[in-house]
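Undergrad: Right, I'll just put the structure down here and ask away after.
The values are calculated or read from the model by the stated rules, or taken from the named source; none is laboratory data. What you are looking at is a predicted structure, and each value in this text was computed from that prediction instead of being measured. Note: ideal-geometry Cβ built from the backbone for every residue, glycine included; neighbour counts use all protein chains shown. Side chains included, ligands, DNA and RNA excluded: accessible areas come from the protein's heavy atoms. Shrake-Rupley method; radii C 1.70, N 1.55, O 1.52, S 1.80 Å.
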Amino acid sequence: MQLFLAKMRPTMEPALTKRIVLGITGGIAAYKAAELARLLMKQGISVQVVMTEAATHFITPATLQALTGNPVLIDQWQNDKGMAHIHSSRVADAIVIAPATADFIAKLAHGLADDLLSTLCLARDCPLIVAPAMNKQMWSNTSTQRNVQRLLADGVTLLGPANGLQACGEEGMGRMLEAEALAQDIVAIFSTQELKGRKVLITAGPTYEAIDAVRGITNRSSGKMGYAIAQAAAEMGAEVTLVSGPTALTKPNGTQRIDVTSASEMFDAVKQHVATADIFIAVAAVADYRVARPNEHKIKKSDATLTLELTPNPDILAYVANLPSPPFCVGFAAESEKLREHANEKRKKKNLPLLAANLAQNAIGSDENELVLFDDAGEHELPRADKLTLAHALLRHATSLYLKGNAQ
Ligand code: CTP
């Protein structure tokens, strides 16, 4: 058996000399973990599998041992090295949990450590990447969503889940990403220091245009997409400046945030930082108009009709895109209908190399979205996923166009 395993190990020099711990928990999607291990190893990543006891009911340790060439760890009380939970996490470049059940996500969110895999996650000093897989009802349950938000706030990277047919026969959100997509994302996380040394300027959130001392005009943008792009850009090694309208979100790790309120303030902040930016991504839902003469004091109620005079705000993105030597500009278009038609029009009008369009009703306030990218080559659909996954995909696309443009 040992001889056979030795023969199966890849002999080529790894392209990526990385080590991951692949944690498998007890869900039907565990069968996809075998393919994931194989694909990661093909990329030169060495894989140490750690399974929960429940996972062994879905896929055998022997399969994973044969594929990875490493003994599979399951039991925290039985290991030959001793302190496996500390040792395995110390030598890993990342821990990837695929599939991650609702139960395991709950454990992670609360810092529980009652088996080898959860103990190892708690003892780690490397990034944690989680690929959820569960029934759509379990995924949308308030407890799961609360736990997922906790993980995101703790800096855990979530890959998926996707929308689709589930093992139970239902259709919806909760399906684990396919092994190929997961492997691609994991490799991307490892090799994407593609934006190292580049400066990325991002606008996000709504703007607030004062009517008087206490009232104003704003919109329903949550800022989540812009913040996800800021986080993804920072993960890709960029120096990120995030100019943010009022939101309830926490600053993504490794970014510089400049808080603004009105479109004019956002414009000023962008003008201040644009000269050194390599890439500008305008995600903010900037108010198109502001009140011409906001009242210093609260306007008192009366029976007379109140007319507000509105004056157009500067178009920040159009200004940047039309500078003599602009950064690579990415615009967003939130449409409520005729997505393609309006998006193409906007891209041309503002002179943008890349525009990401979505349907406003799909995006606002939600943790998920789907995008269609428009560039000179045509359209590229990014299927429905959580906003961080989409942010990574969008940035990969933008970066490749940006680098191509710079190489010419
Ligand atoms: N944008 C900007 N400054 C503005 C308005 C919009 O930078 N004053 C940017 C947004 O951040 C986004 C894109 O432009 O990237 C949106 O384009 P826009 O044509 O302004 O979209 P809408 O405001 O939705 O236009 P419309 O109301 O005509 O659909």
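Undergrad: Structure shown: which of K18/K224; K224/K350; K199/K251; K32/K136; K32/K224 lie over 21 Å apart, alpha-carbon to alpha-carbon?
TA: Beyond 21 Å: K18/K224; K224/K350; K32/K224.
Undergrad: Could you size up the charge dipole of segment 268-335 around its Cα centre, putting +1 on the beta carbon of Lys and Arg and -1 on that of Asp and Glu, and report it in debye to the nearest 20?
TA: Charge dipole of segment 268-335: 320 debye, to the nearest 20.
Undergrad: What whole number of Å gives the distance from the Cα centroid of segment 92-158 to the Cα centroid of segment 329-356?
TA: 36 Å
Undergrad: Among all the aspartates and glutamates, which ones have a C-alpha under 17 Å from K196's C-alpha, if same-chain residues fewer than 8 places away are not counted?
TA: Candidates past the 8-residue exclusion: E235, E239, D278.
Undergrad: Hey, another quick one. First measure r as the distance between the Cβ atoms of R220 and A62, then evaluate 1/(1 + (r/R0)^6) with R0 = 51 Å and state the FRET efficiency to the nearest 0.05.
TA: 0.45
Undergrad: So, one more: Each label point is 7 Å from the Cα along the Cα-to-Cβ direction; what then is the distance between the points at A153 and H110, in nm?
TA: 1.6 nm
Undergrad: Sorted by accessible area with a 1.4 angstrom probe, largest first, how do E345, E235, E370 fall? Before the final figure, lay out each step's value.
TA: Details: E345 110, E235 55, E370 80 Å².
Final ranking, largest accessible area leading: E345, E370, E235.
Undergrad: Still on this structure, please answer the following. About its Cα centre, what dipole magnitude does the chain give when the only charges are +1 on Lys and Arg Cβ and -1 on Asp and Glu Cβ, stated in debye to the nearest 20?
TA: I would put it at about 460 debye.
Undergrad: Additional query: In what sequence, largest accessible area first, do Y31, Y208 appear using a 1.4 Å probe? Provide the component values of the computation, followed by the final result.
TA: Values: Y31 135, Y208 65 Å².
The ranking, largest first, comes out as Y31, Y208.
Undergrad: Continuing with the same structure: Using 11 Å as the cut-off for backbone N distance, which residues of segment 266-296 belong to the label zone defined by a point 7 Å from the Cα of E309 along Cα→Cβ?
TA: 292-294
Undergrad: A further question follows. Place a +1 charge on the Cβ of each Lys and Arg in segment 19-190 and a -1 charge on the Cβ of each Asp and Glu, then give the dipole magnitude about the Cα centre in debye, rounded to the nearest 20.
TA: Details: 12 positive and 15 negative charges, 43 e Å.
Value, rounded to 20: 200 debye.
Undergrad: Treating cross-link reach as a plain straight distance, find the aspartates and glutamates whose alpha-carbon is under 15 Å from the alpha-carbon of K42, omitting any fewer than eight places away in the same chain.
TA: Once the sequence-local aspartates and glutamates are set aside, what remains near K42 is E13, E180, D185.
Undergrad: At a 1.4 Å probe radius, which order do R19, R198 fall into by accessible area, largest first?
TA: I get R19, R198, largest accessible area first.
Undergrad: Moving on. Mind checking which aspartates and glutamates have their C-alpha under 15 Å from K301, skipping anything on the same chain fewer than 8 residues away?
TA: Within the straight-line cut-off, K301 pairs with D212.
Undergrad: So how far apart, in nm, are the two label points at N406 and R38 if each is 7 Å from Cα heading toward Cβ?
TA: Result for the modelled spin labels: 3.7 nm.
Undergrad: Working out 0.36 nm times the residue gap between H342 and H87, then minus their Cα-Cα distance, what length gain in nm do you get to one decimal? Kindly include the intermediate steps, with their values, before the conclusion.
TA: Working: separation 255, 0.36 × 255 = 91.80 nm, distance 5.47 nm.
Taking H342 through H87 to full extension adds about 86.3 nm, to one decimal.
Undergrad: Which residue, A292, L403, V96, has the largest displacement toward the positive end of the dipole of the chain when charges sit on each Cβ (Lys, Arg +1; Asp, Glu -1)?
TA: L403
Undergrad: Lys/Arg Cβ at +1, Asp/Glu Cβ at -1, dipole of the chain taken about the Cα centre: which of I364, L242, L40 is farthest positive-ward?
TA: L242
Undergrad: State in Å² the accessible area per residue of segment 186-271; use a 1.4 Å probe, count heavy atoms of protein chains only, and round to the nearest integer.
TA: 40 Å²
Undergrad: For a test of the definition: using alpha carbon positions, the gyration tensor, and the 1.5 limit on a/c, classify segment 132-199 as rounded, prolate or oblate.
TA: Numbers: a/c = 3.66, a/b = 1.61, b/c = 2.27.
It comes out oblate by the Cα gyration axes.
Undergrad: Using only the Cα atoms, what convex hull volume per residue in Å³ does segment 19-190 have?
TA: 99 Å³
Undergrad: Now for a separate question. Mind telling me which of S262, S221, S140 comes out most flexible in a GNM of the chain, alpha-carbon contacts under 10 Å?
TA: Between S262, S221, S140, it is S140 that shows the largest mean-square fluctuation.
Undergrad: Let me ask you something else. At a Förster radius of 25 Å, what calculated FRET efficiency corresponds to the Cβ-Cβ distance of E370 and Y319, to the nearest 0.05?
TA: 0.30
Undergrad: If you don't mind, another one. Please identify, among E194, E381, E368, the residue showing maximal mean-square fluctuation in a Gaussian network model of the chain using a 10 angstrom Cα cutoff.
TA: Result: E381 has the largest fluctuation of those listed.
Undergrad: Just going by the charge dipole of segment 88-242, with Lys and Arg at +1 and Asp and Glu at -1 on Cβ, which of G174, L201, A228 is farthest out on the positive end?
TA: L201
Undergrad: So what is the calculated 222 nm ellipticity per residue for the chain, using -39500 (n - 2.57) for each DSSP H run with n of 4 or more, over all residues, to the nearest 500 deg cm²/dmol?
TA: -10500 deg cm²/dmol
Undergrad: Counting only heavy atoms of the protein chains, get the accessible area per residue of segment 42-142 (1.4 Å probe) and round it to a whole Å² value.
TA: Numbers: 4570 Å² over 101 residues.
Solvent-accessible surface per residue comes out at 45 Å².
Undergrad: Which percent of the accessible area of the chain is formed by carbon and sulfur heavy atoms (probe 1.4 angstrom)?
TA: Carbon-and-sulfur percentage of accessible area, whole number: 52.
Undergrad: Compute the angle between helix 387-407 and the longest alpha-carbon principal axis of the chain, please, reported from 0 to 90 degrees and rounded to the nearest 10.
TA: Taking Cα atoms only, the helix is inclined about 80 degrees.
Undergrad: Write down the radius of gyration of the chain and its Dmax, each obtained from C-alpha positions, in Å.
TA: When restricted to Cα atoms, the chain yields Rg and Dmax of 23.9, 91 Å.
Undergrad: If you don't mind, there's one more thing I want to ask. For the pair K300/K349, report the inter-label distance in nm, with labels modelled 7 Å from Cα in the Cβ direction.
TA: Each label point is offset 7 Å from its Cα along the Cβ direction, giving 4.2 nm.
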